[in-house]
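Chemist: Below you'll find the structure I mean.
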Amino acid sequence: GTYVVGYFTITPVGATTSGYGTMTFDGAGAGTAQLRGNQEGVAVGPTSPVVAYSVADNGDVALSLDGTTALEGGVLADGELAVLGGAQGAGEDPLLIVLVRQGGSHDDSSLDSPYFLVGITENAGFYTSFTGTLFADGAGGAELIGTSNAEGLVQISGPEAVTTAVGADGALTLTTPSGDTFTGSLSSDGRFGVLSGPLNAGSNPGLFLMLR
């Protein structure tokens, strides 16, 4: 099946890239991907790495991109969410990937309840983590409130009014008051979501996981 992907990676020269796209798996160990990214405020991609993967009976997942980037993680029994980290090979860049299964029948009303939200962003070499709640109204409006940690500086973040949009296939966007638009998807059952990007020029890379 097809999954929407959000990712966050750091290269040896300190360039942080976040992005989104899709991965399609054939159920037999092979797949394809289409990925776009934000590298320090500059849009990159699309790229189309070749995907190879395996899934164990207990849900353990091993995945490689172009035969080199080795990632490990797991997938839920119902297949709605998978998380992968690495890379596991010497000399490979740190990389985190979140995948949510694409599908179902959605519209703005699909985003109508509180979602727990965690994420990480980068700005000029400084990293900020976030944990909080997205309160969505099911009509394209939402409020985000939580706690951020900017390299040891912990503070309340929000409430911040944001706008959201949900497509028929679960495609999800979230736009901040500053105009940055994060892109991703709800899972087919609406329990999970991923947001990454944004691709706006000069914007800061970020990756967020949502669950209700």
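The values are calculated or read from the model by the stated rules, or taken from the named source; none is laboratory data. Not measured: the values here are computed from a predicted model. Cβ placement follows ideal geometry from the backbone for every residue including glycine, while neighbour counts extend to all protein chains displayed. Keep in mind that these areas ignore ligands, DNA and RNA; they rest on the heavy atoms of the full protein, side chains included. Shrake-Rupley method; radii C 1.70, N 1.55, O 1.52, S 1.80 Å.
Chemist: Can you name the condition, by its number, that Val98 falls short on among (1) under 19 Å from Ser185 (Cβ atoms); (2) in contact with a Gly (Cβ under 8 Å, 6 or more places away or on another chain); (3) open to solvent by 50 Å² or more (accessible area, probe 1.4 Å); (4) not basic (Lys, Arg)?
Modeler: (3)
Chemist: Still on this model: So how many residues does the stretch 144-193 have that are under 25 Å from Ala124 (Cα atoms) and of a type in the set (Ser, Thr, Tyr)?
Modeler: So the count comes out to 9.
Chemist: Take the stretch 1-34 and flag every residue that is within 24 Å of Val166 (Cα to Cα), of a type outside the set (Ser, Thr, Tyr) and out of contact with any Leu (no Cβ under 9 Å at 6 or more places or on another chain).
Modeler: Taking the stretch 1-34 as the starting set, the residues that turn out to be within 24 Å of Val166 (Cα to Cα) are 1-8, 18-25, 33-34.
Add one more test, that the residue is of a type outside the set (Ser, Thr, Tyr), and what stays is 1, 4-6, 8, 19, 21, 23, 25, 33-34.
Those that are within 24 Å of Val166 (Cα to Cα), of a type outside the set (Ser, Thr, Tyr) and out of contact with any Leu (no Cβ under 9 Å at 6 or more places or on another chain): Gly1, Phe25, Gln34.
Chemist: Same structure, new question: Here are some residues: Ser178, Ser188. Which one is hydroxyl-bearing (Ser, Thr, Tyr), open to solvent by 40 Å² or more (accessible area, probe 1.4 Å) and over 14 Å from the mean Cα position of the chain (by Cα)?
Modeler: Exactly one of Ser178, Ser188 is hydroxyl-bearing (Ser, Thr, Tyr), open to solvent by 40 Å² or more (accessible area, probe 1.4 Å) and over 14 Å from the mean Cα position of the chain (by Cα), namely Ser178.
Chemist: Looking at this structure, is Ala142 open to solvent by less than 40 Å² (accessible area, probe 1.4 Å), under 30 Å from Gln34 (Cα atoms) and either within 11 Å of the chain's Cα centre (by Cα) or touching a residue at least 12 places away in the same chain (Cβ under 8 Å) (or both)?
Modeler: yes
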